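Okay, so here's the structure we're looking at.
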């Protein structure tokens, strides 16, 4: 069994943009070659990717500390030795740090005492400064290789919903990866894993350490059961896998997908696949492209527009699935579903809430949100 400490080594077989030239974002379809497996998984599972840090950041960090990277360090978490450069590339979190690193710098005379006395100020500082940012501020401090390695947080795996069915692609795992960019300290930064997968890793060459993260129930019901899928943005990934699996099994249950993004002409991920299923009457498709009109339209609005049909599907045994943003989307969708249950079912606000709670307990309302 493959794990974080014993990962499977995949390689990227194919990588292409899902977004068009006019898009305000970059989202990629990535095909991982796992033919050297077996690597067993089910639709609904996720893949944990163990990314590498940007070599340019590692190089600058070593330069700041006047280190070569060839120094041998001991990693107490894995009880193994490696070169400092390898550790910084593969094991260390360079984007964030914690109070232990601040305390270490204090022992070298860094004027950071006030931070440790004010928790709110400390948290704000840690959220807005990478390891390299901090060392740039205190450029005279020189740490040994072991001191540096021992005071860095671990680089954690990143999880991506699998966007393919093993029945259709037995030797591949497909991912839908949004390239993350943000601004910190006035500089444009990249998400560690998305930068690794979308830009740094070379096709058919770079090792991609992965392992399967089971879904814990976020999977398909009986083939005769109808499914209602709500997956805006990259949340559509597992539903592509669901629909491939249903095709492989010649499932008789109805399929209904609600997909949302910014612009139809630039951000309609897997459009040809979904449109072909719709053409064959194998999929009911509703889309919400928020910025194609003056008033923003999201998937929850499309649910409400189709309230009577949504209620009919629920009443006749359909399973509901929601995948994507937990902070806002999932809450808005839940509120829309409560409104549908309340108005279409003639229930009170409390009873509509309890109704959805019961669907969850029956595993008919399932969420994969992040």
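Things to note:
- Square roots of 5 times each gyration tensor eigenvalue, C-alpha, the range 1-136, largest first, Å: 34, 22, 16
- Normalised by the number of residues in the chain, the mean separation of alpha-carbon contacts (under 8 Å, six or more apart) gives a relative contact order of 20 percent.
- Mean separation of Cα contacts under 8 Å (6+ apart) over length of the range 55-150, as relative contact order %: 37
- Most tightly packed first, judged by the mean number of other beta-carbon atoms within 10 Å of their residues, the peptides 336-342, 56-62, 256-262, 359-365 read 256-262, 336-342, 56-62, 359-365.
- The chain, Rg to Rh (Cα coordinates; Rh as Kirkwood inverse mean 1/r): 1.03
- Looking at the chain alone, DSSP beta bridges between its own residues are antiparallel in about 65 percent of cases.
- For the chain, built as a Gaussian network whose Cα springs stay under 10 Å, the top-fluctuating residue of 72, 107, 225: 107
- Among 119-128, 42-51, 326-335, the order from most to least packed when residues are scored by Cβ within 10 Å on average: 42-51, 326-335, 119-128
- Secondary-structure-derived ellipticity at 222 nm for the chain, considering helices only, amounts to -9500 deg cm²/dmol, per-run term -39500 (n - 2.57) for DSSP H runs with n ≥ 4.
- Legend: translational diffusion of the range 314-362 by Stokes-Einstein, Rh = Kirkwood radius over C-alpha pairs, 25 °C, 0.890 mPa s; D = 216 µm²/s.
- Rg in Å to one decimal, and Dmax rounded to a whole Å, for the range 71-171 via C-alpha atoms: 17.7, 60
- Axis of helix 329-345 versus longest Cα principal axis of the chain: the two differ by about 20°, to the nearest ten degrees.
- Computing FRET efficiency as 1/(1 + (r/R0)^6) for residue 59 and residue 331, where r is the C-beta to C-beta distance and R0 is 41 Å, gives about 0.45.
- Most mobile listed residue (63, 174, 263) in the chain, GNM with C-alpha springs under 10 Å: 63
- Packing-based order for 278-284, 148-154, using average beta carbon neighbours within 10 Å, highest first: 148-154, 278-284
- Relative to the longest principal axis of the Cα atoms of the chain, helix 237-248 runs at roughly 50 degrees.
- In terms of overall dimensions, the C-alpha atoms belonging to the range 125-243 reach 67, 29, 27 Å along their principal axes, ordered largest to smallest.
- P(r) histogram, all alpha-carbon pairs of the range 230-370 included - 10 Å bins from 0, percent: 11, 42, 36, 10, 0
FYI, it's all coordinate maths here, none of it is from the lab. Since the structure is predicted, the reported quantities are computational estimates derived from the model, not experimental observations. Because the Cβ atoms are built from the backbone with ideal geometry, glycine has one as well, and the counts that use them run over all protein chains shown.
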